[in-house]
1. When the helix-only estimate is applied to the chain (DSSP H runs of n ≥ 4, each -39,500 (n - 2.57), divided by the residue count), what is the mean residue ellipticity at 222 nm, nearest 500 deg cm²/dmol?
2. At 10 °C and 1.306 mPa s, grab the translational diffusion coefficient of the stretch 122-184 from Stokes-Einstein with a Kirkwood Rh over Cα pairs, rounded to a whole number in µm² per second.
3. Relative to 2.2 N^0.38 Å, what does the C-alpha radius of gyration of the stretch 101-148 come to as a ratio? Two decimals please.
4. Please work out, to two decimal places, the log10 of the ratio I(q)/I(0) at q = 0.10, 0.20 Å⁻¹ from a Debye calculation in which every Cα of the stretch 247-327 carries one identical scatterer.
5. Suppose R0 equals 56 Å. What FRET efficiency, 1/(1 + (r/R0)^6) with r the Cβ-Cβ distance, do residue 127 and residue 323 give to the nearest 0.05?
6. How big, on average over all directions, is the shadow cast by the Cα convex hull of the stretch 28-148, in nm²?
7. Rounded to the nearest whole Å³, what is the per residue volume of the convex hull around the Cα atoms of the stretch 158-236?
8. From the P(r) of the stretch 84-242, can you give the percent of Cα pairs sitting at distances over 30 Å?
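Nothing in this text is a laboratory measurement; each read-out follows from the coordinates by a stated rule. Treat the numbers as computed from the prediction; the structure is a model and nothing was measured. Every residue, glycine among them, receives a Cβ derived from its backbone with ideal geometry; neighbour counts consider all protein chains shown.
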Amino acid sequence: MTAHAPVPAEGCGPSVQRQRGQHAVFCGLTGIIWMHRKIQDAFFLVVGSRTCAHLIQSAAGVMIFAEPRFATAIIEERDLAGLADAHDEIDRVVDQLLSRRPDIKLLFLVGSCPSEVIKLDLGRAAQRLDRLHGGACRVLSYSGSGIETTFTQGEDAALAAMVPGLPRANGEAPSLLVVGALADVVEDQFRRLFSEMGIGEVAFFPPRRSTAMPAIGPGTRILLAQPFLAETARLLEGRGATRLAAPFPLGAEGTAAWLAAAARAFGVAQSRFDATIAAPRERAIRAIARYAPQLAGKSIFFFPDSQLEAPLARFLANEAGMRLTEVGMPYLHRQHLAQDLALMPPDALVTEGADVDQQIDRCRAMKPDLVVCGLGLANPLEAEGFTTKWSIELVFTPIQGFEQAGDLAELFARPFNRKARIASLTGSKAEAAPCS
Ligand code: SF4
């Protein structure tokens with residue numbers, strides 16, 4: 001065993017208050033926006049309503065120059081007698097799509113929340129279509145319904161749907177599996193660092209191509225790259241894999257501790273680990289420090305939205321000097337987030353679940369300098385004079401790892417800069433902040 005960075009004890013950190021009530025978040029279909037970019041031979045066929053089609057097209061944009069890799073099969077209002085027709089319609093659409101697009105190797109039927117879609121058994125439809133097309137294209141299904149907790153669960157559901165089909169690893173030789181969609185540039189950086197440490201057997205899930213699925217077995221050690229993958233991790237553990245406890249790789253502190261968890265599991269010598277991370281860690285610390293004048297001492301309030309709130313709050317408090325007021329999370333996985341919570345200031349108010357009206361009241365009373373929230377809340381809060389940051393941006397932007405730590409800090413400095421620019425244009429009084 002080597003020392004590396006100490007693992008914070010589970011159960012330390014702030015206490016968590018639970019709340020129940022209305023929440024205001026996007027649905028799981030949103031995950032298609034980053035998932036279709038990640039798995040380059042996959043296609044996401046939403047089975048939904050016109051609302052679903054509008055959401056996915058306006059959020060993901062229309063692909064003009066490339067063949068699209070997502071679409072919506074619109075199921076109109078119909079009674080139970082019409083369900084057989086709906087299945088025929090799905091079969092017809094899939095046949096048409098796959099005969100025109102032989103490049104698609106993995107097709108997801110994505111369920112949604114309109115009642116006419118809920119009545120359909122998409123799991124069975126996927127099995128049937130997989131039998132028909134399985135040689136050329138795997139067909140899986142998952143739900144992106146807005147009835148689930150939050151929008152990042154779309155990724156969890158998509159990855160979970162792939163787990164049963166992952167190949168079985170031969171033997172018990174140790175291998176590392178990084179779980180959670182990461183930008184390719186971030187994946188490449190991590191791969192280099194693991195290689196410099198001497199950890200050779202490394203795979204990423206989801207893979208860039210569906211034909212390169214990682215093998216799973218008792219030797220697999222999983223390192224979660226995203227904090228919203230409860231079901232995927234549970235299924236991988238069910239296949240014999242072991243999860244490595246670590247904070248999430250945000251900021252210099254989080255990335256060092258995340259890499260250290262892998263180094264410990266693979267018996268990397270402390271000196272080799274230190275030599276591998278020394279320069280990039282230093283670069284990360286310097287990059288974050290550039291934004292300290294804008295962020296240090298400022299208070300921040302998180303509405304529950306992306307499930308990234310705990311590691312973000314830990315990063316902003318410990319590395320950027322921000323003051324946490326409330327850290328709201330739609331759902332808190334006690335084991336997966338234990339290390340991030342243990343590293344957070346113990347006096348932070350951490351809430352799980354949502355009661356959006358009460359949270360708005362608390363936010364107004366606390367008057368934070370910055371509010372992180374979903375798009376639906378951002379505009380009304382801006383109109384009240386709050387400075388806001390859209391939480392969804394933090395899922396779309398590469399923020400993990402040492403080289404992205406400065407960009408992560410900059411994302412939180414940007415709203416202050418924007419406010420200062422508007423103030424200088426309109427002549428109104430606002431706190432001046434240097435532009436990045
Ligand atoms: S799945 Fe539900 S919440 Fe999402 S766009 Fe469709 S109707 Fe709206």
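1. So the calculated ellipticity at 222 nm is -13000 deg cm²/dmol.
2. The diffusion coefficient I find is 113 µm²/s.
3. It is 1.23.
4. For the stretch 247-327, the Cα-only Debye profile gives -0.29, -0.91.
5. 0.60
6. 7.0
7. 90
8. In whole percent, the share of Cα-Cα pairs in the stretch 84-242 beyond 30 Å is 22.
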